[in-house]
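Working notes for the structure below.
Values in this text are rule-based calculations from the coordinates and carry no lab data. These numbers were taken from a predicted model, which means no experiment stands behind them. When we count neighbours, we look across all protein chains shown, and the Cβ atoms used for this are built from the backbone with ideal geometry, even at glycine.
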Amino acid sequence: MKHMLDTNMCIYLRKNNPESVARKFHALNIDDVVISSIVFSELVYGVHNSQHFEKNMASLKKLITPIAILPYDEAAAHHYGEIRSYLKKAGTPIGQADIMIAAHALSINATLVTNNMKEFSRIKHLRCENWT
């Protein structure tokens with residue numbers, strides 16, 4: 001089963017805090033762990049917005065080297081439209097990037113690993129795990 005890491009889990013892994021995240025990550029086969037290009041975009045933004053660009057970019061590169069970064073594709077876009085419409089009609093919208101990440105996880109039948117259960121629990125059929 002594929003596990004797609006949300007941005008917060010990547011940050012926890014990079015900082016090795018909490019340690020429970022790293023333990024669960026290392027217990028998996030690395031081929032079963034992916035990140036969305038949307039998550040990668042958020043991570044790169046965070047590095048560019050930090051006061052320690054070079055140090056943080058090196059840390060990010062070390063983190064993502066073994067992890068597949070999946071491109072956002074047409075299947076994810078279809079899920080995005082469905083999710084956004086559903087949440088709007090339900091009156092429970094969430095952030096656009098979060099919808100895109102959830103849509104991407106659904107499109108590849110992955111479990112989303114996140115510490116943002118409040119937002120992602122609103123999305124039907126999305127499997128989530130919180131490693132913290």
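Brief remarks on what is shown
- Secondary-structure-derived ellipticity at 222 nm for the chain, considering helices only, amounts to -17000 deg cm²/dmol, per-run term -39500 (n - 2.57) for DSSP H runs with n ≥ 4.
- With a Förster radius of 25 Å applied to the beta-carbon distance between residue 117 and residue 37, the computed FRET efficiency rounds to 0.65.
- Added length on full extension, which subtracts the Cα-Cα distance from 0.36 nm per residue, residue 17 to residue 29: 2.3 nm
- Residue 124 paired with residue 59, simple spin-label distance in nm, labels 7 Å along Cα-to-beta-carbon: 4.1 nm
- Top of 49, 109, 16 by mean-square fluctuation, Gaussian network on the chain, Cα under 10 Å: 49
- Taking every Cα-Cα distance in segment 35-132 and sorting them into 5 Å bins from zero, the calculated P(r) comes out as 2, 13, 21, 22, 19, 13, 7, 3, 0 percent.
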